[in-house]
Amino acid sequence: MLRIGTAGWAIRREYQNSFVSEGSHLARYARVFNAVEINSSFYRPHRVSTYTRWAEETPKSFSFAVKMPRSITHNARLRDTGDLLHAFFSECTALKKKLGCVLIQLPPSLTFEAKIARTFFESLRKNYEGRTALEPRHPSWFAKSADALLVRFEIARVAADPAPASMKDSVAASMPGGWNGFEYWRLHGHPKIYYSDYDPHFLEALVKRVSPDAWVIFDNTALGHATMNARDLAARMQR
């Protein structure tokens, strides 16, 4: 299934009329979109009861992508993360069937080291067998050896726009990689990350590039463009 949504479910005032007025922000959002990316989990843990409530507020067909905590990716840098992974998954799996994907975003300075990555992925898979997407931001993660490891552990590499500043080959980062069981697109806004709007030409080109089994998340939320870009893309996909 194609899932289109935004990073977070905030509804800016200028777009209020595009959503029904009853219910929580999440409930109203979920009547328009079929997916959302939870970014707050990157900064702080959430209670099981919170994830349970979010699941209850959304339709049966709705899915969440949950961003892995920075305590794992940025502080521990994927080393000795067994207890941290267990704690994270003991929380977010309260979403049950609505946990559609786990997103792992790595810091730009984190290089690919095969042994560390393999140990981390082994620990990850002991806790969670579901869909996982990795957004690396160091060029070393785009080598064939890294891609092969992602395939082995059935982890999709994110197609990101714009590509990380350190990437000389921006095409590699802008297209899906790793395991091809599904795709995960993160659109941060171009040229100004988090701020820029996507024009109709970009969205129309995206229609032809995205797989029928993909997540497309707009992260250009600073000025609210993500909401209308996601709605525009969904309408184009339906046509």
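Summarising the amide proton neighbourhood of Trp215: residues at separation of 5 or more, or on other chains, whose placed amide H is nearer than 5 Å comprise Arg3, Glu183, Tyr184, Trp185.
In the chain, the DSSP beta bridges split such that about 5 percent are antiparallel, to the nearest 5.
From the cross-link list Lys67/Lys115; Lys67/Lys144; Lys96/Lys192; Lys126/Lys192; Lys97/Lys126; Lys60/Lys144, which pairs have alpha carbons spaced over 29 Å apart? Could the numbers behind the result be given before it?
Numbers: Lys67/Lys115 23 Å; Lys67/Lys144 25 Å; Lys96/Lys192 36 Å; Lys126/Lys192 38 Å; Lys97/Lys126 18 Å; Lys60/Lys144 38 Å.
With Cα atoms farther than 29 Å apart: Lys96/Lys192; Lys126/Lys192; Lys60/Lys144.
Extension gain, Val48 to Lys60, is 2.4 nm, computed as 0.36 nm per intervening residue step minus the present C-alpha separation.
Based on Cα atoms of the range 180-239, Rg over Rh with Rh as the Kirkwood radius reads 0.96. Normalised by the number of residues in the range 172-239, the mean separation of alpha-carbon contacts (under 8 Å, six or more apart) gives a relative contact order of 35 percent.
Taking max minus min of the alpha-carbon positions on each principal axis, the range 36-166 gives extents of 41, 31, 26 Å, largest first. Each principal axis of the Cα atoms in the range 109-232 has its own extent, and those three values, largest first, are 42, 29, 24 angstrom.
Can you give me the orientation-averaged projected area of the convex hull built on the Cα atoms of the range 38-95, in nm²? Mind dumping the intermediate values first?
Details: hull surface 15.3 nm².
Its Cα hull, projected and averaged over all orientations, spans 3.8 nm².
If you plug the beta carbon distance of Ala148 and Lys208 into 1/(1 + (r/R0)^6) with R0 = 35 Å, you get a FRET efficiency near 0.80. Calculated over the range 4-46, the projected area of the Cα convex hull averaged across directions stands at 3.4 nm². In terms of its alpha-carbon gyration tensor, the chain comes out oblate; a/c meets the 1.5 threshold, while b/c is at least as large as a/b. For the range 146-156, backbone phi angles converted through the Karplus equation (6.51, -1.76, 1.60; θ = phi - 60°) give residue-by-residue couplings of 5, 4, 5, 5, 5, 5, 4, 9, 6, 10, 7 Hz, Gly and Pro being listed as x.
Show me 127-138, 153-164 ranked by packing, highest mean number of other Cβ atoms within 10 Å first. Walk me through the numbers before you get to the answer.
Working: 127-138: 19.7, 153-164: 21.2.
Peptide ranking by packing, descending: 153-164, 127-138.
Read-outs throughout are calculated quantities, based only on the coordinates presented, and are distinct from any laboratory measurement. Just so you know, these numbers come straight off a predicted model, no measurement behind them. All Cβ positions, glycine included, derive from the backbone under ideal geometry; neighbour counts span all protein chains shown.
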